[in-house]
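Here the structure is laid out as structure tokens; the discussion comes afterwards.
The values are calculated or read from the model by the stated rules, or taken from the named source; none is laboratory data. Computed from a predicted structure; not experimentally measured. All Cβ positions, even for glycine, are placed from backbone atoms using ideal geometry, and neighbour counts span all protein chains on display. Calculation scope for accessible area: heavy atoms of the full protein, side chains included, ligands and nucleic acids excluded. Shrake-Rupley method; radii C 1.70, N 1.55, O 1.52, S 1.80 Å.
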Amino acid sequence: MSDHLRDEPMRKTSDGPRWLPLSIITGVFALAVVVVQPFGDFPLNDDWGFAMAAWHFAETGEFAFARMTAMTLRLQVLWGALWTVLLWPDFEVLRASTLVLALVTLITAHEMLKEANVALRLRVLAVLALLFHPVFFLNSFTFMTHVPFVCVSMLALYFFFRGLAEDRMSLFLVGSLAVVGSFFIRQTGIANAVPPLMALVFARSSLSRHWKRYLIVITSVIGMFVLLFFATDALVGYPGIIDAHYEVWDGSAREVIWRLAEIPARWTTYTFIYAALFLLPLMIPLIRGWRQLTRRETLMLGIVLLPFAQVTTELHRLGRPLPFTGEANVISNFAMGPLTLRDTWVFGYQYPLHLPDWTLALLNYTGGLLGAFLLFHVLRAWWNNRRVVGKRELLMHLSAVQCLVATALLGVSGLYYDRYVIDASWALVFLLALAGDWSKRWTQLIAVSLLVPLAMFALFGVREYFEWNRARWIAFDYLTGRGVRLEQMDGGYEINQYLLGGWDGEIQLNLVGMSVVDDEFILSFNEVRGYRTLKAFPYEGFMGLRRGAIYAQEREEGFHAASRPGVQP
């Protein structure tokens, strides 16, 4: 290992006691949990299936997956089963298990930035930007796969970074094991093996005299993945479900060739638009320095901007602008969490508390511009740091490659949801903290001023998500208390799948929506035409500034499927 990497001097910073930044991060995290109040023994989004798998393993010691499970999931099942055995089978317990992993992720991010000699204030700012990233924050309060995946992926990057920077094979091996763990949560974890591989290819002489040993280790991990993926079922959830992600590649050779270009490009623009908007506080130094770009760099930025301009214009024309509509799952028009009740999910009604169209258009085009700018700087950071000369350059190299490869892997799937952005862009926290000039105090102040409203949106949006879900389950109890059977109602995706679909998953009997047999009774955000309201269950969001209700409704006599909005007869 060359001395200039191993012995790079620490910058003089006013860090204070070692416990101070970790105390700040842990304190803010704990306060966020108190504000959200994530109480209620009910599923959120898709985590009903993951919970069932964890509880089943805790009881039987066997892996079994619900039909909707496409991910490998096994490591997460073991984690959830451990908590279940120690405590009890409950959604709140599993949420707590994810919150622990979220805190581990934040602490690991801080330690990695400290290893790269980042100043205290910037370290804390970067970690809080990750905490309040809306996708990361919401999923921290569920048993979805994203936070466990990011946690293990970040541990892999941390140990690779330290292993290469300090020329310690033991740490590199731990990072390799973490890669294996990550692709036993989501198959895209194999992307975590590529950053150290690329570093060894481009800067092996700068990293270690024994670079071949490191190369053998990381290529062995990649070989293991290829063998398991193509020769076994070890990296498959429910049999056949993952195939739905690749049905888009069926068809004629011309169609497949077109999709090979169009889909990865589209998913890349989506990912960087979301990443730029949600990590905007960390982009301020890059935005401030745009005038320092050379003519050649400005030309390259213009080329990168073209697909973003095309996609944002098309989405606006179709009435599906990013980031709050379109391919939405976590962020839905200024609401947090998927709006899975029948009126918004099937009938085409809007969530009662939403932004006006002009705001969405502004965010759409602003996101496109910022997303192109971010992708350009990621490519630039990788190119400028491919020859590693120090710890900071090594971390920038690893972070850029991580983001680019993870984003590219999303392009092989025909499905995309906004929650995927955190799987691909979490490493940008490190790159953005290192790539810009943070020496100006006003730069830091602007970043903080942007982080505050983003944090408020995440905090109160997730709290509202829990509020309406609690109201939804109270309304469900009201209907069942009146003798309404599951087969007679649509209580929303989570109720339908968890209580009616169960292990077998999707059931569709000529009705749009999963596991819906009949929608004689529905739960909805709006009073729906053709239904009469039996009772309303109010909830509030954003500290009382937004108020809504969950309506328990019964279909009016003579109102048929052909006349229902959004439903085909």
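Observations, loosely collected:
- Phi angles of the stretch 65-75 translate, via the Karplus equation with coefficients 6.51, -1.76, 1.60 and θ = phi - 60°, into HN-Hα couplings of 10, 5, 4, 7, 7, 9, 6, 5, 6, 4, 5 Hz per residue; Gly and Pro are given as x.
- Rounded percent of accessible protein surface that carbon and sulfur make up, the chain, 1.4 Å probe: 62 percent
- Restricting attention to the chain, the count of lysine pairs at 8 or more positions apart or across chains with alpha carbons under 18 Å apart stands at 4.
- Sequence-distant contacts, meaning Cα pairs under 8 Å at least 6 residues apart, place the relative contact order of the chain at 18 percent.
- A cut-off of 5 Å between modelled amide H atoms, ignoring neighbours fewer than 5 places along the same chain, links residue 531 with 556.
- Simple label model, 7 Å out from Cα along Cβ direction - residue 294 to residue 415, nm: 4.5 nm
- Adding -39500 (n - 2.57) for every DSSP H run of four residues or longer, then dividing by how many residues the chain holds, sets the calculated 222 nm ellipticity at -19000 deg cm²/dmol.
- Accessible surface for the stretch 455-535, divided over its residues, is 38 Å² per residue with a 1.4 Å probe.
- Of all DSSP-defined beta bridges confined to the chain, some 85% are antiparallel rather than parallel.
- Phi-derived couplings, Karplus 6.51 cos²θ - 1.76 cosθ + 1.60 at θ = phi - 60°, listed residue by residue for the stretch 96-112: 4, 5, 6, 4, 4, 5, 4, 5, 4, 4, 5, 5, 4, 4, 4, 5, 5 Hz, with x used for Gly and Pro.
- 3J(HN,Hα) from dihedral phi, the stretch 370-383, Karplus parametrisation 6.51/-1.76/1.60, rounded to Hz, x for glycine, proline: 5, x, 5, 4, 5, 4, 4, 6, 5, 4, 5, 5, 5, 4
- Residues whose amide H comes within less than 5 Å of that of residue 490, counting only those at least five positions distant or on another chain, are 521, 522, 523 (H built at 1.01 Å from N in the peptide plane).
- Sequence-distant residues sharing a close amide H with residue 184 (under 5 Å, placed H): none
- Exposed loop sites, defined as GluC sites (Glu not before Pro) outside DSSP H, G, I, E and B with at most 16 other Cβ atoms within 10 Å, are absent from the longest region of the chain, namely 63-505.
- Computed lengthening from residue 243 to residue 477, 0.36 nm per intervening residue step minus Cα-Cα distance: 80.6 nm
- Length gained on full extension, residue 35 to residue 536: 177.8 nm, using 0.36 nm per residue less the C-alpha separation.
- Inter-part distance where the stretch 324-388 and the stretch 278-303 are each reduced to a Cα centre, Å: 20 Å
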